[in-house]
1. Give the whole-number value, in cubic angstrom per residue, of the convex hull volume spanned by the C-alpha atoms of the stretch 6-124.
2. Pull up the cross-link candidates among the aspartates and glutamates for K92, meaning alpha carbon to alpha carbon under 13 Å and not fewer than 8 places away within one chain.
3. So what does log10 I(q)/I(0) come out to for the chain at q = 0.09 Å⁻¹, using the Debye formula with one equal point on every Cα and no solvent?
4. Rounding to the nearest 20 debye, state how big the charge dipole of the chain is about its Cα centre with +1 on each Lys and Arg Cβ and -1 on each Asp and Glu Cβ.
5. Based only on Cα atoms, what mean projected area does the convex hull of the stretch 166-236 have, in nm²?
6. Set Lys and Arg Cβ to +1 and Asp and Glu Cβ to -1, take the dipole of the chain about its Cα centre, and tell me which of T315, L24, I263 lies farthest positive.
7. If contacts are Cα pairs under 8 angstrom and at least 6 residues apart, what is the relative contact order of the stretch 6-124 in percent?
8. Just add up the charged neighbours of G237: K/R +1, D/E -1, any other residue whose Cβ is under 13 Å from the Cβ of G237.
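Rule-based calculations on the coordinates, nothing more; no lab input. These numbers were taken from a predicted model, which means no experiment stands behind them. Virtual Cβ from ideal backbone geometry, glycine too; neighbours counted across all protein chains shown.
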Amino acid sequence: MEKKVYNWGILAPGNIARKFATELQQLDNARVYAVGSRNADRSKEFADAFGAERHYDNYEDLVSDPDVDIIYIASPHGLHAEHALLCLNHQKPVLCEKALALNQNEVDKMMACASKNGVFLMEAFFTPHQPSYKEAKRIIESGELGKVKYIQGWFGFNKSPYDNSLRLMNPKLGGGALLDIGLYPVFDALYFLGEPDHVVAKADFAETGVDQSVSIRFAYPDGVTTSIFASFVAASGVGTDIFCEFGTLRLRRTSAVNQSLVIEKQGSEIKRNSWDDQAVGGMKLEAAEAMKCLDEKRLESEIMPHSMSLSLIKTLDLIRRRAEIKYPERD
Ligand SMILES: NC(=O)c1ccc[n+]([C@@H]2O[C@H](COP(=O)([O-])OP(=O)(O)OC[C@H]3O[C@@H](n4cnc5c(N)ncnc54)[C@H](OP(=O)(O)O)[C@@H]3O)[C@@H](O)[C@H]2O)c1
């Protein structure tokens, strides 16, 4: 049988949407078909850049286009719930950028809406699709390094001075380090250890009120702990170290396509894997998974299931309560 080619609609053509559309063009069963922006010129410019047939100056027309098969939502996370509900209520399958929404209440509504309409919904979270993470998980589950005892994860950059009008600095749009980048090391802890029993967290705030840095500790039964740090004002790079009884796994990435996994036993490196080939991709793995689910008529992904997104947002809510990180009129 001939492979279906999916017509993708891009909702909100900002920075990450450009990256996503570039990767989508590398898949033979995907087409950048239509784009919706609040601004007609921006929409046309994006359509021209990626060869999209249709461009709209609003989101409603995009989700009403009968020829659009699936929508990628790339608006700021404070608008994801509104935009996902718009798509799902028009029976459009959704791949929605992280963070899926600002809080669990919003995620619950999105999932209930997807279920009521019988429509696919997936958070665009590239970590679990990546070969480095799949390999790390395989090694841990094999037991060859023994049990995980401690995880240390960090994600930081420093592009200061910041323009306070940026999405990143706007608390109403869910700006701040936690939802922008901190959720990656939080996800790592959940991915390798599950939900913690205890959470402590402390934030340092920028003048707009967003968390510019956040430090988090998780505690699990049997003395297992994690330490997580995310920041817009510390150029730490991105990494996760997983300390096990008999060795350590060191995950690193400088971009979605440039990842490595170093395996150490008793303090000595025994293997170094790296994936720096465009073939790995990051976002195109998510897009491919979303289309596979649609081919198989599944409403959620097994790689990034609703339960994982729920676990993540529930934990992020808890961290925000501990660190007193607030989004105005949303909690
Ligand atoms: N997976 C990843 O690696 C990754 C990386 C970066 C960002 N992200 C996520 O992707 C989302 C977008 O991030 P971005 O960096 O692409 O943001 P961005 O460049 O600011 O683009 C966001 C787009 O949203 C639309 N928008 C609608 N209402 C808006 C409002 N009130 N204020 C600002 N923009 C509004 C705008 O498009 P129009 O006005 O044209 O409609 C804008 O271009 C965020 O949720 C972020 O967490 C993911």
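1. Values: hull volume 10.0 nm³, N = 119.
In the stretch 6-124, the Cα hull volume divided by residue count equals 84 Å³.
2. E60, D61, D65, D67, D69
3. The calculated log intensity ratios at q = 0.09 Å⁻¹ are -0.47.
4. Working: 39 positive and 46 negative charges, 105 e Å.
About 500 debye.
5. Values: hull surface 20.1 nm².
Mean shadow area of the hull around the Cα atoms is 5.0 nm².
6. Projecting each Cα onto the dipole axis, the largest value belongs to I263.
7. Working: 243 pairs, mean separation 27.2, N = 119.
RCO, the stretch 6-124: 23 percent.
8. Working: positive: R250, R252, R253; negative: D241.
Spelling it out: positives minus negatives among the neighbours equals +2.
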